[in-house]
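Comments concern the structure below.
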Amino acid sequence: MNEITLDSILIHIGQFGKYQMLNYLILALPMFLNSIFSVTYVFTASTVNHRCNITECDFTGSVFQEPWVNFTIPVQGNGDLSQCTRFSKVSDGDYSGQCDERGFDNVIEKCDSFIVDKSQSSISNEFGIYCGDEWKLSLVGTIHNVGQFVGIPLGGLISDKFGRRAAITLGGIISAVMGIARSYSPNYTSFLVFEFLDAVGGSSLYASIFILGIEFIGPKRRVLAASGLTVFYALGEIAFGLLSKYIPDWRLVLKLVYFPSLIHIALFWILEESVRWLLTQRKNEKVKDQLRKAARINKSELPEEMLSGLIEGNEKKMEADKSTQNFPITLAFKTFFWRILNCSLCWFTNVLVYYGLSLNSVALGGNKYDNFIWISAAEIPGFFSPVLLMDRLGRRYSLFGAMIISGLSIGCSVFINSDQRVWQLALFFIGKLAITSSFQVLYFATAEMFPTKVRHSLLSFCSMFGRFGSMLAPLTPLLGVYYAEGPAIIFSACAIFSGFLALLFKETTEVELPNTLDDAEVLGNKKDDREDI
């Protein structure tokens, strides 16, 4: 008799039946909300259009565009008004101190106070962060990603020790509470603190949702189902872009996002736990009950002999698995050192390019909200393209191809003039589509190359290393101020370099998810794979 595995049972009762679909739809909500948690700082901490307050002309009701700005404020190279300087007034004469073109000379001086475009709102105008202090806005993104760096390993440990459901529920509640608190921030410092704590709570949500999503879906439907689930991430970003565009009040936007997120509390009771995780914890009765329930909802028959065979086989594996004799994380790092190192570098590159493109899209010419929405929309085909590629080309070649395409398209944007905004946006669109596809493949490859017992912990470690990329990403628009092509060159070089290293990964296409350390160690040990990392 063939060995009874969870995958063989899933094939028998339905790889993506009604039972999986119900859980899938429940997971779509935290995935949608988590995407917004990850990018709120793009607009809440963005610069807003501002100009000098011309005391000789402006009054209490002055708006951003006034007739006198044409002769009181210098024009920058791109044709926009200078945001930080003005022409000085003449020191004497008939027009001294008057709002008349003849009352200003060509001497440029820094602003003392500002008039803001009231159609935009962020902490910039709320807390008076302009010009030389704008590094404080970039710092918000960096602090957010420091919070993710702290929270990702904690979330991974919670997920592997207490279950995927517990990690999703706890992380979502913490993010919701901190986001609501942030909407009431009285000053810049408190805003930073709540931003950090929000990121700590929500940082592991995507990975927890993704892992739970794939661990109870059959091998032939795993890629399609997970790709469909992650599309809700892109939809969340688009929704946030639209919300920010039409509601010029960052505090209200945060309230509209985070108050509904308190629904995470209910997930602890309505979400089903991962059967694979239950198997590693030897919670055999819960495994049987859940599989019986799945078979019943899917209208399939599940013989008790199959359940008994699954439990017996799992017990034998758990007894023989050397990770049960040692602390599995320590042993996993020793066993998979080169695999983890390459995985971490690949995560760094994907996170840097993925978030870097989103943040730098706001700096492209045109409406920053529309740019962000279009670049976010590029993620939808990016999430689905692995469905067409991964099973045909394999994980390694799909990852390699996506990263190379992203790197080349971003590199080509360096040679496009700044006035050709459509071409710039098109190349950014292709680069974002390709790096999204790469990110999606990377999640699969990472989840499939490590055993269940430490799957989320090791995925979290690689992802945590990737947070160095997301810490640098918010600083790249600042680099663009001094060297416009700098961010694109960095993104392109990193993507191409890491793309070639991706060819060294183990191939995991159509391979059963490894449950034990021993399973993962011999993963893909075919003749042509002996040199793989």
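The values are calculated or read from the model by the stated rules, or taken from the named source; none is laboratory data. Computed from a predicted structure; not experimentally measured. Glycine also receives a Cβ, built like all others from the backbone with ideal geometry; neighbour counts cover every protein chain displayed. Accessible surface is based on the protein model in full, side chains and every heavy atom, while ligands, DNA and RNA are left aside. Shrake-Rupley method; radii C 1.70, N 1.55, O 1.52, S 1.80 Å.
Which links in Lys161/Lys286; Lys283/Lys316; Lys136/Lys432; Lys220/Lys334; Lys255/Lys432 stretch past 20 Å when you go from one Cα to the other?
Over 20 Å Cα-Cα: Lys136/Lys432; Lys220/Lys334; Lys255/Lys432.
Taking 25 °C and 0.890 mPa s as the conditions, I'd like the Stokes-Einstein D for region 15-61 in µm²/s, using the Kirkwood hydrodynamic radius from alpha carbon pairs.
The diffusion coefficient I find is 161 µm²/s.
For the chain, which semi-axes, largest first and in whole Å, follow from the square roots of 5 times the eigenvalues of its Cα gyration tensor?
Taking √(5λ) for each Cα gyration eigenvalue gives 50, 24, 18 Å.
Relative to the compact globular guide of 2.2 N^0.38 Å, what is the alpha carbon radius of gyration of region 139-228, as a ratio?
Compared with the compact-globule rule of thumb, region 139-228 sits at 1.24.
With a cut-off of 8 Å between alpha carbons and a minimum separation of six or more residues, what is the relative contact order of the chain in percent?
The value is 20 percent.
Tabulate in residue order the Karplus-calculated ³J(HN,Hα) for region 49-54, using 6.51 cos²θ - 1.76 cosθ + 1.60 with θ = phi - 60°, rounded to whole Hz; enter x for Gly and Pro.
For region 49-54, the Karplus curve yields 4, 8, 8, 5, 7, 7 Hz.
Using Cα centres only, tell me the gap between region 127-204 and region 244-260 in whole Å.
17
Calculated FRET efficiency, Lys110 and Val511, Cβ-Cβ r, R0 56 Å, to nearest 0.05?
0.35
For the pair Glu521 and Lys299, what calculated FRET efficiency results from E = 1/(1 + (r/R0)^6), where r is the Cβ-Cβ distance and R0 = 30 Å, to the nearest 0.05?
0.20
Sorted by accessible area (1.4 Å probe), largest first, how do Asp518, Asp117 line up?
Asp518, Asp117
When the scattering of region 1-94 is computed by the Debye formula from its Cα atoms alone, each counted once and equally, what is log10 I(q)/I(0) at q = 0.13, 0.22, 0.26 Å⁻¹?
-0.71, -1.11, -1.28
For region 44-87, what's the radius of gyration and Dmax over Cα atoms, in angstrom?
Using the Cα atoms of region 44-87, the pair Rg, Dmax is 10.9, 32 Å.
Order of 491-498, 138-145, 298-305 by packing, highest average Cβ count within 10 Å first?
138-145, 491-498, 298-305
Given the alpha-carbon gyration tensor of region 247-321, what are the semi-axes of its equivalent ellipsoid in whole angstrom, ordered largest first, with each equal to the square root of 5 times an eigenvalue?
Value: 41, 17, 8 Å, ordered largest first.
How much length, in nm to one decimal, is gained on full extension between Glu285 and Leu22, taken as 0.36 nm per residue of separation minus their Cα-Cα distance?
92.5 nm
Nearest 10 degrees, 0 to 90: what angle lies between the long axis of helix 368-377 and the longest principal axis of the chain (Cα atoms)?
Approximately 20 degrees, to the nearest 10.
For region 89-173, what Kirkwood radius comes out of the mean inverse Cα-Cα distance, in Å?
Result for region 89-173 stands at 18.0 Å.
Could you work out how far helix 188-202 tilts from the main Cα principal axis of the chain, as a 0 to 90 degree angle to the nearest 10?
Its long axis makes an angle of about 20 degrees.
Within the accessible area of region 429-469, what % is carbon and sulfur when the probe is 1.4 Å and the other protein chains stay in place?
Result for region 429-469: 87 percent of the exposed heavy-atom area is carbon or sulfur.
Calculate, for the chain, the solvent-accessible area per residue in square angstrom, rolling a 1.4 angstrom probe over the heavy atoms of the protein chains.
Accessible surface, normalised per residue, equals 42 Å².
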